[in-house]
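Just below is one structure, and these are the notes that go with it.
Values quoted throughout were computed directly from the atomic coordinates according to the rules given, and no laboratory measurement underlies them. Keep in mind it's a predicted model, so treat the numbers as computed, not measured. Cβ: placed from backbone, ideal geometry, glycine included. Neighbour counts: every protein chain shown.
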Amino acid sequence: MLRPTGHLTTENFVQPVAPARRRAQTARAYLALTKPLQTLLLLITGVCAYALSRPGTVAWGELAAAALALTGAVAGCTVLNMILDRDIDARMGRTVRRPLPAGRVSVRAALMFGLALSVPGLALAWVLSPLFGLIVSLGFGIDLGVYTLWLKRRTPLSILWGGISGGMPALAGRALALGRVDLVGILLAAGVLLWIPAHILTLATHYAREYHLAGVPVWPNVYGPTATRRVIAIATLLDVAVLGTAGWLLGIHPVTLGVLAALGAGLAGLSVAVLVRPTGRLNWVLFKFASLYMLGAFVCLTIGTVL
């Protein structure tokens with residue numbers, strides 16, 4: 001029989017807290033495997049592409065199911081990519097603390113987690129629409145099979161395929177809403193593809209030495225920093241033009257079209273500044289602003305269709 005001790009000790013409080021803290025740490029480790037900010041950004045492009053295609057007539061149940069399918073497919077694919085890249089992550093200071101190289105999650109557990117996300121996500125996508133399922137599955141297969149398994153360790157041109165897969169959520173969202181693939185959907189996907197250099201190549205430039213030591217061929221190390229900056233600037237200018245054209249074809253409100261143009265001018269200006277007077281700080285600012293631009297562009301396109 002338990003008897004009162006007559007006083008409180010530290011032990012009375014520490015023992016119940018420790019398991020809860022471990023569970024929270026484990027949950028954070030599993031969440032980190034999905035790269036939540038990257039997954040969220042791609043999810044937003046898909047959700048916005050659906051919403052802007054049906055202004056005022058959004059089928060909220062279908063949109064929620066599509067968001068769930070995209071989340072499962074994108075997050076699950078990311079987890080599986082993390083498994084395949086765990087040896088690279090272990091050799092880079094930027095990534096060595098990720099859950100797999102740090103040993104916070106086992107490979108087997110990560111594999112089960114990735115499959116538990118991706119299989120239901122892909123299945124739900126096919127249930128919603130064969131066209132939607134096909135596009136989401138193509139994005140999944142290109143990212144995992146072509147980009148990560150086949151090309152990432154062989155050529156810096158792998159980012160082209162990574163960009164194509166990144167554009168699939170936007171194309172899929174538009175196709176689900178319309179029941180077909182159209183020019184605007186292709187432009188939205190191309191907008192994501194052309195955004196990739198400002199997002200990926202700036203990061204590769206910043207961590208060029210780490211990528212070299214890890215044995216991953218990235219554009220700055222293979223073709224040089226000047227050629228990399230040119231690619232970023234050209235792709236960014238095209239990206240601004242492509243998403244601006246999408247806004248014009250959608251007939252979005254002049255105010256949102258103006259905001260979209262201002263965001264594009266900011267991104268293009270940064271990319272040209274990095275080309276003309278490159279500095280590490282400016283390169284990093286461009287990397288950060290690129291994600292804000294992509295988010296802002298899709299939000300502008302969506303809001304602009306309902307104003």
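Kirkwood Rh over Cα pairs of the chain into Stokes-Einstein at 10 °C, 1.306 mPa s: D in µm²/s?
Values: Rh = 20.7 Å.
Result for D is 77 µm²/s.
Note on Leu115 and Leu68: the model spin-label points, each 7 Å out from Cα along the C-beta direction, lie 2.2 nm apart. Of Arg86, Arg277, Arg28, which is the most mobile in a GNM of the chain whose springs link Cα atoms less than 10 angstrom apart? So, out of Arg86, Arg277, Arg28, the one fluctuating most is Arg277.
Paramagnetic label reach from Leu292 (point 7 Å along Cα→Cβ; backbone nitrogen cut-off under 19 Å): within the stretch 246-267, residues 256-267. Axis of helix 183-196 versus longest Cα principal axis of the chain: the two differ by about 60°, to the nearest ten degrees. Note that the stretch 182-307 shows a convex hull volume over its alpha carbon atoms of 93 Å³ per residue. Once the Cα atoms are used to define both axes, helix 60-84 deviates from the longest principal axis of the chain by about 70 degrees.
Starting with the highest mean, order 98-110, 156-168 by the number of other Cβ atoms within 10 Å, averaged over the residues of each peptide. Walk me through the numbers before you get to the answer.
Values: 98-110: 16.4, 156-168: 22.0.
Ranked from most to least packed, the peptides come out as 156-168, 98-110.
Note on Ala273 and Asp182: the extension gain reaches 29.3 nm, defined as 0.36 nm multiplied by sequence separation minus the Cα-Cα distance. Evaluating 6.51 cos²θ - 1.76 cosθ + 1.60 at θ = phi - 60° for every residue in the stretch 240-249, the Karplus couplings come out as 4, 5, 5, 6, x, 5, 4, x, 5, 5 Hz, glycine and proline recorded as x.
Diffusion coefficient of the stretch 25-180 by Stokes-Einstein, Kirkwood radius over Cα pairs, 20 °C, 1.002 mPa s: 135 µm²/s. With the simple spin-label model, which puts each label point 7 Å out from Cα in the Cβ direction, the Val127 to Gln25 separation comes to 3.7 nm. Annotation for Arg94 and Leu37: the two label points, set 7 Å from Cα along the Cα-Cβ direction, are 1.2 nm apart.
Relative protection proxy for 264-276, 170-182, from highest mean packing down: 170-182, 264-276 (other beta-carbon atoms within 10 angstrom). Taken about its Cα centre, the chain carries a charge dipole of about 940 debye when Lys and Arg each add +1 at the Cβ and Asp and Glu each add -1 at the Cβ.
Counting only alpha carbon atoms, the long axis of helix 130-141 and the longest principal axis of the chain meet at about 70°.
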